[in-house]
Amino acid sequence: MSDVIIFVEQRGGHTRKVTFELATEARKVADMLGGKAHAVVLGGGAPALAEQLKGYPLDVVHVNDDADVDTYLAEPEVDYVEALARELGSSIVLVPNTMHGRDIGSRVAARLKTGIVADVTDLKLEDGKLVCVAPKLGGAFITSSAFKNTEYGVVTVRPNAFAAEAGGAGATVQPIAKPAGKTYVVKIESHVEEAAAEIGLEEAAVIISGGRGLGSAEPFDSVLKPLAKAFGGAVGATRAVADAGWVPYSMQIGQTGKTVSPRLYIAFGISGAIQHKVGMSTSGTIVAVNTDAGAPIGEFADMLVVANALEVATELTRLVEANRSA
Ligand SMILES: Cc1cc2nc3c(=O)[nH]c(=O)nc-3n(C[C@H](O)[C@H](O)[C@H](O)COP(=O)(O)OP(=O)(O)OC[C@H]3O[C@@H](n4cnc5c(N)ncnc54)[C@H](O)[C@@H]3O)c2cc1C
């Protein structure tokens with residue numbers, strides 16, 4: 001038997017969609033392992049978010065609006081999650097595969113002296129063991145891993161990989177005690193909002209991405225943004241354009257940027273270099289718009305439109321907007 005704990009990434013009571021995906025998946029994993037599904041919600045705004053989580057199929061939501069969580073970097077959250085895991089005994093900790101989730105997950109794994117499986121897209125039971133499925137090298141390989149001879153396991157879960165389904169009997173919300181005797185040193189001076197998009201790239205269902213073929217910084221704002229808005233999606237970019245200063249690095253997708261898995265990825269003026277491909281090739285449908293019919297992206301895109309990127313993006317925006325208002 002193993003319990004499942006999800007770490008809820010939140011600020012001021014606001015969280016990401018992946019939290020609800022984790023809450024739904026935690027139930028399934030807990031049922032597979034014969035344990036309970038727990039969530040840990042910490043920091044300012046946590047009580048309101050805990051109430052919201054009651055609508056998901058969890059057993060217990062542990063909550064503490066500890067101001068230290070908002071003041072100090074990662075350590076207080078790690079203390080709470082570690083303490084709960086030790087109290088429950090055998091447990092699997094699920095964290096979102098986001099910057100902050102990975103930070104928390106790797107620290108918790110180190111504290112619990114266990115392994116961490118990163119960027120997982122499926123979880124199943126084989127021979128009584130939890131098997132974590134994760135695509136590697138842009139989906140070229142699919143790995144299956146299980147935790148060996150350990151009480152604990154930590155898994156970072158890719159946003160958009162699982163469905164979020166409200167329901168269940170209604171979790172019990174209960175306070176979690178602050179771990180005693182801790183002092184923290186790394187203080188958060190300020191939060192800088194990502195300039196990338198209102199919707200985080202990692203969890204956008206549609207990504208409109210641009211490369212050097214757009215010619216300059218200007219079309220990112222004037223052409224790609226309106227198209228992303230029409231789709232309710234986010235704008236991404238290649239490293240070439242981030243290096244050129246056309247967009248912030250927070251928008252970069254690829255080996256040294258973000259890994260994304262939207263349902264639809266439209267690449268405008270992107271050649272499809274391997275370093276870009278590894279960050280987006282597990283997208284549901286990939287459409288590329290490129291003036292070069294022989295561009296490498298044509299080898300892995302579902303559709304290659306040989307045309308001028310700006311003309312296609314502008315026309316597509318018009319069509320999507322017209323369709324939405326129809
Ligand atoms: C260690 C390392 C790490 C890297 N990490 C990353 C990473 O994380 N992410 C990443 O993206 N890259 C990364 N790169 C860089 C990568 O190798 C490529 O250089 C980069 O992805 C190319 O960006 P691009 O497609 O925008 O530009 P280009 O390769 O220059 O391609 C531009 C494309 O636009 C097309 N085009 C031109 N005009 C038009 C037009 N009017 N309409 C339509 N199409 C047009 C061209 O035919 C071409 O295919 C990394 C490189 C290294 C060495």
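Quick one: which of Lys225, Lys258 is under 28 Å from Asp122 (Cβ atoms), surrounded by fewer than 24 Cβ atoms within 10 Å (Cβ to Cβ) and basic (Lys, Arg)?
Going through Lys225, Lys258 in turn, the sole match is Lys258.
Conditions tested, residue by residue: (1) under 28 Å from Met99 (Cα atoms); (2) under 27 Å from the mean Cα position of the chain (by Cα); (3) at pLDDT below 95.
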| residue | (1), (2), (3) |
| --- | --- |
| Val223 | no, yes, no |
| Tyr249 | yes, yes, yes |
| Ala267 | yes, yes, no |
| Ser271 | yes, yes, no |
| Glu311 | no, no, no |
| Asn323 | no, no, yes |
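Could you run through the range 54-63 and say how many residues are surrounded by fewer than 21 Cβ atoms within 10 Å (Cβ to Cβ) and more than 28 Å from Asp127 (Cα to Cα)?
Qualifying residue count, the range 54-63: 2.
Search the range 232-254 for residues being under 21 Å from Val192 (Cα atoms) and of a type in the set (S, T, N, Q), and hand back the single one that is nearest to the ligand (Cβ to nearest atom).
My answer is Gln252.
Is there a residue in the range 27-43 that is surrounded by fewer than 17 Cβ atoms within 10 Å (Cβ to Cβ) and β-branched (Val, Ile, Thr)?
No, the range 27-43 has no match at all.
Can you confirm whether the range 170-185 contains a residue that is more than 18 Å from Lys17 (Cβ to Cβ), touching a Gly at 6+ places or on another chain (Cβ under 7 Å), modelled with pLDDT of 95 or more and buried (at least 16 other Cβ atoms within 10 Å of the Cβ)?
As a first pass, look at the range 170-185 and keep what is more than 18 Å from Lys17 (Cβ to Cβ): 170-185.
Cutting the leftovers down to touching a Gly at 6+ places or on another chain (Cβ under 7 Å) gives us none.
The answer is no, given that none of the residues of the range 170-185 is more than 18 Å from Lys17 (Cβ to Cβ), touching a Gly at 6+ places or on another chain (Cβ under 7 Å), modelled with pLDDT of 95 or more and buried (at least 16 other Cβ atoms within 10 Å of the Cβ).
Conditions: (1) more than 7 Å from the ligand (Cβ to nearest atom); (2) in a helix (DSSP H, G or I); (3) within 20 Å of Ala217 (Cα to Cα). His276 meets all but one. Number of the miss?
Result: His276 fails condition (1) only.
Would you check if Val289 is near the ligand (Cβ under 9 Å from one of its atoms) and farther than 30 Å from Arg102 by Cα?
Here the answer is yes, as Val289 does meet what is asked.
How about the range 114-133: which of its residues are free of Cβ contacts under 8 Å to residues at least 24 places away in the same chain and either surrounded by fewer than 12 Cβ atoms within 10 Å (Cβ to Cβ) or under 28 Å from Ala273 (Cβ atoms) (or both)?
Glu126, Asp127, Gly128, Val133 - these are the residues of the range 114-133 that are free of Cβ contacts under 8 Å to residues at least 24 places away in the same chain and either surrounded by fewer than 12 Cβ atoms within 10 Å (Cβ to Cβ) or under 28 Å from Ala273 (Cβ atoms) (or both).
Among Gly200, Gly257, which is out of contact with any helix residue (DSSP H, G or I) (no Cβ under 6 Å at 6 or more places or on another chain) and within 13 Å of the ligand (Cβ to nearest atom)?
Working: Gly200 fails: within 13 Å of the ligand (Cβ to nearest atom).
Of Gly200, Gly257, the one residue that is out of contact with any helix residue (DSSP H, G or I) (no Cβ under 6 Å at 6 or more places or on another chain) and within 13 Å of the ligand (Cβ to nearest atom) is Gly257.
Given the conditions (1) more than 7 Å from the ligand (Cβ to nearest atom); (2) of a type in the set (D, E, K, R); (3) touching a helix residue (DSSP H, G or I) at 6+ places or on another chain (Cβ under 7 Å), and given that Arg212 satisfies all but one, which numbered condition is not satisfied?
Failed condition: (1).
Only residues that are surrounded by 15 or more Cβ atoms within 10 Å (Cβ to Cβ) and away from the ligand (no atom under 11 Å from the Cβ): list them for the range 303-320, please.
Result: Thr314, Leu316, Thr317, Val320.
Please verify whether Ser271 is in the same structural domain as Ser209 (by TED's automatic domain parsing) and more than 20 Å from Val192 (Cα to Cα), treating the condition exactly as stated. Show your work before the answer.
Numbers: in the same structural domain as Ser209 (by TED's automatic domain parsing): yes; more than 20 Å from Val192 (Cα to Cα): yes.
When the stated conditions are applied, Ser271 passes them.
Considering each of Ile207, Ile286, Ile270 in turn, give the residue that is in a loop (DSSP other than H, G, I, E, B), surrounded by 22 or more Cβ atoms within 10 Å (Cβ to Cβ) and among the aliphatic types (A, V, I, L, M).
Answer to the selection: Ile270.
The values are calculated or read from the model by the stated rules, or taken from the named source; none is laboratory data. These numbers come from a predicted model, not from an experiment. Every residue, glycine as well, gets a Cβ built from its backbone with ideal geometry; the counts of neighbours run over all protein chains shown.
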